[in-house]
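So the structure is just underneath, and the comments pick up after that.
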Amino acid sequence: MAGTLWPWVVLAGLGAWHGLNPAMGWLFAVGLGLQERSRKALFAALVPIALGHALAISLIVFVVVLLGITVPLAWLQVGGAALLIGLGLWKLVRARHPRWVGMRVGFWDLTGWSWVMATAHGAGLMLVPVLLGARSTFCGQSPVGGPGGAFSPVPAMSGVIVHTLSHLAVAALMAWLVYDFIGLAILRRAWFNVDFVWSLSLVLAGAVLAFAG
């Protein structure tokens, strides 16, 4: 039971970590809520933000799953670890956020913005160690270290849903707390450096993938 449960727990945990990051959307939602002076506008903004995040995650998930049934595991480990560590180190040196929308945005503007942010921050790549570690769950049974198995979209889509719901729940909680109780001043006074920890998370995920059995 534990062997089949851990991937879903980790995917949910990563979703919560992504939801905690202001750059993944809740800070934008708070800004829109304050601009409209409406809690409803705040929560409404989280829906397209979660959708954009899910689309970015889905792209990585399905690419990894499809590669997982055709490419030897060792190759995927090396390639995935290199991408994760490289992106993490690059973000440690050059921490910049893409900006291309203003505060007057529609549903699809927010969706597109969220997709860009999640992609640029490597949110989907952070899931690669889980997808490869639970290869038999997401890619079907295959020989150890070799390609094989059969593609089934249900486990992959279920993983995206679990991750996205966790992301949405934590982002909604953070947005609500900041909007109604804490205020944006906490980001200047007491908030930890999420970008630094996020970059370290990418490097750590890459290291885990590189040295996994």
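The values are calculated or read from the model by the stated rules, or taken from the named source; none is laboratory data. In this text the structure is predicted, and so the values were computed from the model without any measurement. We place every Cβ from the backbone using ideal geometry, glycine too, and count neighbours over all the protein chains shown.
Within the range 77-91, residues that are modelled with pLDDT under 95 have Cβ atoms under 8 Å from residues that are of a type in the set (D, E) in these pairs: K91/D195, counting only partners at least 6 apart in sequence or on another chain.
Residues that are in a loop (DSSP other than H, G, I, E, B) and modelled with pLDDT under 90: does the range 123-130 have at least one? Checked the range 123-130: no residue is in a loop (DSSP other than H, G, I, E, B) and modelled with pLDDT under 90. Against the numbered list (1) at pLDDT 95 or above; (2) over 13 Å from H167 (Cβ atoms), V63 comes up short only at (1). A Cβ distance below 6 Å, combined with a sequence gap of six or more or placement on separate chains, defines the contacts here; from the range 182-195, residues that are in a helix (DSSP H, G or I) reach residues that are surrounded by 13 or more Cβ atoms within 10 Å (Cβ to Cβ) and at pLDDT 75 or above in the pairs V194/N21. Looking across the range 59-71, the residues that are over 16 Å from G122 (Cα atoms) and surrounded by 14 or more Cβ atoms within 10 Å (Cβ to Cβ) come down to V65, L67, G68, I69, V71.
Can you pull out every residue in the range 18-32 that is at pLDDT 95 or above and out of contact with any Leu (no Cβ under 9 Å at 6 or more places or on another chain)? Passing the criteria: only H18.
Only a single criterion out of (1) farther than 30 Å from L92 by Cα; (2) at pLDDT 70 or above; (3) out of contact with any helix residue (DSSP H, G or I) (no Cβ under 8 Å at 6 or more places or on another chain) is not satisfied by D180, namely (3).
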